[in-house]
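Novice: One structure is given below, represented as structure tokens, and several questions about it will come after.
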Amino acid sequence: MIRIGHGYDLHRVVPERALALGGVHIPWDRGLLGHSDADVLLHAVTDAVLGALALGDIGRWFPDTDPRWKGADSADLLRRVLADPRVQDWQLGNLDATIQAERPKLAPHMEAIRQSIADLFGVDASRVSVKAKTMEGTGAVGQGEAMAAHVVLVLEPRGS
Ligand code: MG
């Protein structure tokens, strides 16, 4: 038996914020707005894990009204989810992600992002795929106002 999860997230691009994607710091003159570190990719990954197991969503687990999560490291939020007893019985089968961003160029960072996500799940990077696309100048992402991420993953029983 396997479980399939889907996650989606979008954050506004703003000046004077650091950019974290998949737990990797990306040097840029802008970043993403959010209560936590606004790592749009890890938020979509976390929602996909929660979705696969029908455990709600990241907003329910870590409400942005709760000062505990202000400026939170999204890798830490994902670690908290993965450490939950209801999640512990499962391991990552594979994960496929697409980041939508007009800038900056993400190709030089892709391997680091893949490895970072694989490390969080404790699996080999061959189970993790991360792709990036622009929006050809259209819409909020294409105009550089926002960045989005889509994630699909499979969880399989641990030890299978
Ligand atoms: Mg988010």
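Bear in mind that the values in this text are calculations on the coordinates, not laboratory data. Since the structure is predicted, the reported quantities are computational estimates derived from the model, not experimental observations. Here the Cβ positions follow ideal geometry from the backbone for every residue, glycine too, while neighbour counts run over all protein chains shown.
Novice: To the nearest 500 deg cm²/dmol, what mean residue ellipticity at 222 nm is calculated for the chain from DSSP H runs of n ≥ 4 alone, each contributing -39,500 (n - 2.57), summed and divided by the residues?
Specialist: Numbers: 6 runs with 46 residues, N = 160.
For the chain, the value works out to -7500 deg cm²/dmol.
Novice: For the chain, which DSSP H helices look membrane-span-like by this rule: Cα extent along the axis of 15 Å or more and mean Kyte-Doolittle of at least 0.0? Provide the component values of the computation, followed by the final result.
Specialist: Values: long enough: 40-52 (18 Å, 1.66); 110-121 (17 Å, 0.44).
Counting only whole DSSP H runs, the qualifying helices are 40-52, 110-121.
Novice: Nothing charged except the Cβ atoms of Lys and Arg (+1) and of Asp and Glu (-1): what's the magnitude of the dipole of the stretch 1-41 about its Cα centre? Round to the nearest 20 debye.
Specialist: I would put it at about 140 debye.
Novice: Let me check against my output: what whole-number percent is the relative contact order of the chain, with C-alpha pairs under 8 Å and at least 6 apart? Could the numbers behind the result be given before it?
Specialist: Numbers: 351 pairs, mean separation 53.9, N = 160.
It comes to 34 percent, rounded to a whole number.
Novice: Same structure again: How do V14, V40, V24 line up, fewest other C-beta atoms within 10 Å first? The partial results should precede the final answer.
Specialist: Details: V14 14, V40 27, V24 21.
In order of increasing Cβ crowding within 10 Å: V14, V24, V40.
Novice: Still on this structure, I have one more. Given a 10 angstrom Cα cut-off, can you work out which residue in D84, D47, D57 is the most mobile in a GNM of the chain?
Specialist: Looking only at D84, D47, D57, the biggest GNM fluctuation is shown by D84.
Novice: Quick one: net charge around E145, please, counting Lys, Arg +1 and Asp, Glu -1 for every other residue with C-beta under 11 Å from its C-beta. Intermediate values should be presented prior to the final figure.
Specialist: Details: positive: R12, R30; negative: E102.
Spelling it out: positives minus negatives among the neighbours equals +1.
Novice: Between A83, A148, A20, where does the largest GNM mean-square fluctuation fall for the chain, given springs only between Cα atoms within less than 10 Å?
Specialist: For the chain, modelled as a Gaussian network with Cα springs under 10 Å, the answer is A83.
Novice: To continue, here is another question. Neighbouring Cβ atoms within 10 Å as the yardstick, rank T138, T46, T98 fewest first.
Specialist: Ascending Cβ contact count within 10 Å gives the list T138, T98, T46.
Novice: Once the other residues with Cβ under 12 Å from the Cβ of L92 are scored (Lys, Arg +1; Asp, Glu -1), what is the net sum?
Specialist: Combined, the nearby Lys, Arg, Asp and Glu give -1.
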